[in-house]
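The values are calculated or read from the model by the stated rules, or taken from the named source; none is laboratory data. On a predicted model such as this, the values are computed, not experimentally measured, just so you know. Virtual Cβ from ideal backbone geometry, glycine too; neighbours counted across all protein chains shown. These accessible areas exclude ligands, DNA and RNA; they are computed on the full protein's heavy atoms, side chains included. Shrake-Rupley method; radii C 1.70, N 1.55, O 1.52, S 1.80 Å.
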Amino acid sequence: MGSLLSGTTNPDSPIRPLHASFHDFLTDKAFNEEFFIDLSKTQHDLAFASLRVMEHGLRFNICDLKSSYLPNREDPGLQERVQKCIPQHLSYSSRFWTSHVRTISFDKELAKEVKLFFDNERLFFWLELLALINALSGTVPALPPIAQWLKPAAPSATSASAAPNSTSAPSPSTLSTASNTFPDTWKIRNDKALGIIIEYVSNEKLDLIADETSAKGAWEKLERVHQGTNPGLIAFFTLKSMMKHTFQSYDTV
């Protein structure tokens, strides 16, 4: 298959088609039913597999760091330990599981796996690993699409307020009640997220964000401070609390 695929002779290299036409041949059932590859099913399987790889592979202090306050660049021999202690399949799963999840349609069983990931200490270990492979900066933008993907699992305010089998539009009083029961304004969410950040940072770091009125601005300042450190305890505990709040409405999954 060397004329069609690259990476067939090197176990450390991913296998890729050399020509776009071969990719099209494999992924178009009209042209090729016998060897057809369903990409949506493949993405689904990769999402599940990545979460399971992290479940079994992530652990506390995976590279035997001597101090969580020592910058990575000052830890002698760290890069060698990263290569030895973090296998490629674990590195891949940690970096790309979010990409696989958000490219497929909502799946209840997969949503359970995602929720378990954020309810478990693996979240802490995942962020530590990303810091070690210099991939922590992509964490924050990768998570909002996951929350969006999970939304089909959350009950809507309208469906919770309306009577069963009702097809009429909700009345103004119903909308008002729903608004009070399910507050969803930006200010409420921002204030709560900012409060969580303030609760978990030290007094020293609190001075850095004292003038911030948005959770996003406070997070970005803290992220800059901890970029390149092992692995930034504020980032760990703050993100865990913020994501727990984000997913608490998905308990019906």
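So that you can scan it fast, the table gives a plain yes or no per residue for (1) part of a loop (DSSP other than H, G, I, E, B); (2) aromatic (Phe, Trp, Tyr); (3) within 21 Å of Ala135 (Cα to Cα):
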site: Met1; (1), (2), (3): yes, no, no
site: Leu26; (1), (2), (3): no, no, no
site: Asp64; (1), (2), (3): yes, no, yes
site: Gln83; (1), (2), (3): no, no, yes
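With the requirement that a residue be outside any helix (DSSP H, G or I) and either on the phi > 0 side of the Ramachandran plot or open to solvent by 60 Å² or more (accessible area, probe 1.4 Å) (or both), what does the range 28-62 give you?
Lys29, Ala30, Phe31, Glu33, Glu34, Phe35, Phe36, Ile37, Asp38, Arg59, Phe60, Asn61
Phe25 fails exactly one of the following numbered conditions: (1) without any contact (Cβ under 8 Å) to a residue 24 or more places away in the chain; (2) surrounded by fewer than 11 Cβ atoms within 10 Å (Cβ to Cβ). What is the number of that condition?
Tallying (1) without any contact (Cβ under 8 Å) to a residue 24 or more places away in the chain; (2) surrounded by fewer than 11 Cβ atoms within 10 Å (Cβ to Cβ), Phe25 fails exactly one: (2).
List every residue pair whose Cβ atoms sit under 7 Å apart, with the two residues 6 or more apart in sequence or on different chains, where the first one lies in the range 110-139 and is free of Cβ contacts under 8 Å to residues at least 60 places away in the same chain and the second, anywhere, is surrounded by 15 or more Cβ atoms within 10 Å (Cβ to Cβ).
Pairs that qualify, where the first residue is free of Cβ contacts under 8 Å to residues at least 60 places away in the same chain and the partner is surrounded by 15 or more Cβ atoms within 10 Å (Cβ to Cβ), are Ile133/Val82; Ile133/Ile86; Ile133/Ser91; Ala135/Arg95.
For the range 108-146, enumerate the residues that are modelled with pLDDT under 85 and not in a helix (DSSP H, G or I).
Listed by number, the residues that qualify are Asn120, Glu121, Leu143.
When residues of the range 105-122 are filtered for being more than 14 Å from Ser50 (Cα to Cα), surrounded by 15 or more Cβ atoms within 10 Å (Cβ to Cβ) and hydrophobic (A, V, I, L, M, F, W, C), how many remain?
1
Starting from the range 39-51, take each residue that is in contact (Cβ under 8 Å) with a residue 40 or more places away in the chain and list its partners that are open to solvent by less than 60 Å² (accessible area, probe 1.4 Å) and not in a helix (DSSP H, G or I), counting only C-beta distances under 7 angstrom and pairs at least six apart or across chains.
Ser40/Ile104; Gln43/Ile104; His44/Ile104; His44/Asp107; Ala47/Ile104
Considering only the range 15-55, state which residues are over 18 Å from Ile146 (Cα atoms), modelled with pLDDT of 95 or more and out of contact with any Leu (no Cβ under 9 Å at 6 or more places or on another chain).
none
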